[in-house]
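Trainee: Below is a structure I'd like to ask you about.
The values are calculated or read from the model by the stated rules, or taken from the named source; none is laboratory data. Every value quoted in this text rests on a predicted model; they were computed, and no experiment measured them. Cβ: placed from backbone, ideal geometry, glycine included. Neighbour counts: every protein chain shown.
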Amino acid sequence: MTGRLAGRAAIVTGGSRGLGRAIALTLAADGAAVAVAGRTEEVWDERLPGTIGETVADIAAAGGRAVSVRADLTDRDQIVRLVESARDALGPVGILVNNAAFTAPGRPPGPGTQPREKAAKPRGSAAKPGWPGFVSTPLHAYRRHFDIAVFAAYELMQMVCPDMIEAGGGSIINITSVASRLPGDGPYADRRGGVLPGYGGSKAALEHLTQCAAFDLADHNIAVNALSPSKPILTPGLSYYARNFDDTASADEFARAAVELALVDPGKVTGRTIGHQQVLDGSFRPFAVD
């Protein structure tokens, strides 16, 4: 497939659904060969549809090139295998999209195991779970957010750097969220929105990591940026908790911004946290919360 990204290999984590799936499809549509990474090889919760195999099949059906790599990003051996598998199948990695995050409880079954049977839900139980706040988030769950969104991203960034340095450039895109800036300064007269200490805290750390990596890689023509939705996007992960938003954006629109960010001049745009609409309008202004 021809396109602006032809000849470049990409890794996209969390590629079975939501933003990761949309980004993988859009990168491939613009010519990139994509390693679609994730844990979900079969749907294990009807609220979280999509598998890495389905994403790869859709890319292939559109004429693109992709491979699926099952990877639990809390396991370092699997992180190493992900990079090696992507490199062996597609060539040196020139684009890395760290999208995976811990957004819903539970996990898909491992290879060769069956999903656990779920207890029957009582009638009238359609209400969605509330946002997991500070008091209700145990340390092991808080730590898991960092394992996936920060520590795995850290290792993946380090592991693909040799490919990018040898190639004379590359692009790393870390997917973040406005949750990194919430709830903001107190006091808090209106607390209806809730906060996400684990998810938001890990995204704040990821944004700082983005700047540190961008600083160190500036001499190698490698752009490292964080991309945030400018508006809520009703992915399966967000829909698991959220109810209604007055104004939303689409995953496809966000994915188009990711492609444009992969094409920026590292000498001009790096070390930034940018809202996707500020990428699409060409301003690349750092993201700010109103």
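Trainee: Please tell me if residue 15 is surrounded by 24 or more Cβ atoms within 10 Å (Cβ to Cβ), at negative phi and not in a strand (DSSP E or B).
Mentor: Yes; evaluated as a whole, the condition is true for this residue.
Trainee: Separate question: Checking residue 3 against (1) under 18 Å from residue 175 (Cβ atoms); (2) in a loop (DSSP other than H, G, I, E, B), only one condition comes out false. Which one?
Mentor: (1)
Trainee: Next question, about the same structure. If you go through the stretch 18-39, how many residues are surrounded by fewer than 24 Cβ atoms within 10 Å (Cβ to Cβ) and over 20 Å from residue 260 (Cβ atoms)?
Mentor: 1
Trainee: With the requirement that a residue be at pLDDT below 95 and part of a helix (DSSP H, G or I), what does the stretch 220-245 give you?
Mentor: Listed by number, the residues that qualify are 236, 237, 238, 239.
Trainee: Let me ask something else about it. If you scan the stretch 18-47, which residues turn out to be assigned to a loop (DSSP other than H, G, I, E, B) and free of Cβ contacts under 8 Å to residues at least 40 places away in the same chain?
Mentor: If the condition is that a residue be assigned to a loop (DSSP other than H, G, I, E, B) and free of Cβ contacts under 8 Å to residues at least 40 places away in the same chain, then 31, 43, 46 are the ones that fit.
Trainee: Would you tally the residues in the stretch 179-197 being under 28 Å from residue 267 (Cβ atoms) and buried (at least 19 other Cβ atoms within 10 Å of the Cβ)?
Mentor: Qualifying residue count, the stretch 179-197: 1.
Trainee: Pull up the stretch 138-151, narrow it to residues that are under 16 Å from residue 208 (Cα atoms) and out of contact with any helix residue (DSSP H, G or I) (no Cβ under 6 Å at 6 or more places or on another chain), then point me to the one that is surrounded by the most Cβ atoms within 10 Å (Cβ to Cβ).
Mentor: Among residues in the stretch 138-151 that are under 16 Å from residue 208 (Cα atoms) and out of contact with any helix residue (DSSP H, G or I) (no Cβ under 6 Å at 6 or more places or on another chain), the one surrounded by the most Cβ atoms within 10 Å (Cβ to Cβ) is 148.
Trainee: Does residue 55 meet the test of being of a type in the set (S, T, N, Q) and assigned to a helix (DSSP H, G or I)?
Mentor: yes
Trainee: Right, another one. Does at least one position in the stretch 73-80 carry a residue that is more than 28 Å from residue 192 (Cα to Cα), at pLDDT 95 or above, of a type outside the set (Gly, Ala, Ser) and crowded, with 19+ Cβ neighbours inside 10 Å?
Mentor: Yes: the stretch 73-80 contains one or more residues that are more than 28 Å from residue 192 (Cα to Cα), at pLDDT 95 or above, of a type outside the set (Gly, Ala, Ser) and crowded, with 19+ Cβ neighbours inside 10 Å.
Trainee: Is it true that some residue in the stretch 31-47 is touching an Asp or Glu at 6+ places or on another chain (Cβ under 9 Å), under 21 Å from residue 176 (Cβ atoms), at pLDDT 95 or above and of a type in the set (A, V, I, L, M, F, W, C)?
Mentor: No - not one qualifying residue is present in the stretch 31-47.
Trainee: Quick one: is residue 217 more than 20 Å from the chain's Cα centre (by Cα), closer than 19 Å to residue 8 by Cβ, outside any strand (DSSP E or B) and hydrophobic (A, V, I, L, M, F, W, C)?
Mentor: Spelling it out, residue 217 is indeed more than 20 Å from the chain's Cα centre (by Cα), closer than 19 Å to residue 8 by Cβ, outside any strand (DSSP E or B) and hydrophobic (A, V, I, L, M, F, W, C).
Trainee: Okay, moving on. Looking at this structure, is residue 73 assigned to a helix (DSSP H, G or I), closer than 22 Å to residue 226 by Cα and either among the hydroxyl-bearing types (Ser, Thr, Tyr) or in contact (Cβ under 8 Å) with a residue 12 or more places away in the chain (or both)?
Mentor: Criteria not met by residue 73.
Trainee: Find the residue count for the stretch 181-214, including only residues that are outside any loop (DSSP other than H, G, I, E, B) and over 16 Å from residue 153 (Cβ atoms).
Mentor: The total comes to 2.
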